[in-house]
């Protein structure tokens with residue numbers, strides 16, 4: 001029996017206020033598969049479990065594709081009150097962050113798995129990837145429609161698919177961008193090679209899709225109709241901003257390093273990202289970069305405070321997940337919380353090193 005348990009909780013000392021609101025994060029254990037969604041109230045320093053979820057590491061079809069676990073595996077509603085997730089009953093569910101009320105929206109079969117969950121800008125619909133295909137339904141769980149099917153490609157003498165990735169709603173809510181294999185396609189090396197990927201947009205009303213550009217989608221930009229995508233040139237990443245309405249593309253002044261863990265500031269003008277043992281911020285328009293903290297290489301997630309003045313992050317050390325917050329201008333980080341997973345091996349209680357965090361967000365206080 002493995003259980004997610006508290007090791008230490010509480011707000012540390014700091015020369016600056018920690019802030020208001022709630023930090024919500026998901027801790028998952030890969031062996032056995034289990035996860036808990038937590039909310040930490042910054043006023044009281046108390047943490048509570050909101051819901052249990054099923055980690056989305058499962059495989060489907062004969063090609064044994066393993067879904068990624070991006071932050072969009074949990075869908076935060078536009079009003080920042082509800083979170084959609086894949087529950088332990090093998091269904092889609094929604095939990096209210098402030099009341100802890102859980103609503104199950106749909107039940108899936110044991111062969112079905114959800115990879116991404118994203119809400120429409122007006123909060124009336126939810127899109128998600130199920131077994132590699134893109135679906136949309138009303139936020140109540142009704143009117144389920146398949147919008148797009150994943151593309152297959154020739155690879156090592158057979159057919160292979162990786163599933164649709166990174167669905168992102170357009171700002172007007174009429175379309176959804178995503179990336180998938182381009183077709184027709186014969187893969188010669190590496191399934192994750194950017195030249196094999198195509199960014200598409202599908203019209204939610206007509207289900208008609210069109211190609212926009214090759215390469216990988218990464219994220220939407222807060223407060224804009226732009227999305228960030230990545231290209232590779234001679235082994236080095238280059239980043240671009242794509243206007244989802246006009247399909248205009250402009251280069252973003254980002255780091256030359258690959259962005260594995262990053263988060264946008266609330267106003268969409270900066271990103272926070274991790275480069276080895278350095279937590280940095282970078283201004284998109286000017287390219288000005290600032291180191292704000294030293295971290296260990298195992299940082300799982302980042303999140304900005306609602307006012308854009310602080311950055312929260314969770315790092316893994318000594319089999320324990322530690323939640324910190326640091327000023328966006330730099331300084332000494334404050335530890336807010338710690339969590340470990342205990343499990344028994346041969347009757348002896350040990351700390352699990354199979355932990356990770358795949359969702360972290362900082363919400364305002366309830367209005």
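Once the C-beta distance of residue 329 and residue 102 is scaled by a Förster radius of 35 Å, the resulting FRET efficiency is 0.35 to the nearest 0.05. Taking other C-beta atoms within 10 angstrom as a stand-in for reagent exposure, 144, 259, 363 fall in the order 144, 259, 363, fewest first.
Extending 7 Å from Cα along the Cβ direction at residue 109 and again at residue 320 yields two label points whose distance is 4.6 nm.
Laboratory data are not the source of any read-out in this text; all were calculated from the coordinates shown. From a predicted model like this one, the values you see are computed outputs, not experimental measurements. Counting neighbours? That spans all protein chains shown, and the Cβs are built from the backbone with ideal geometry, glycine included.
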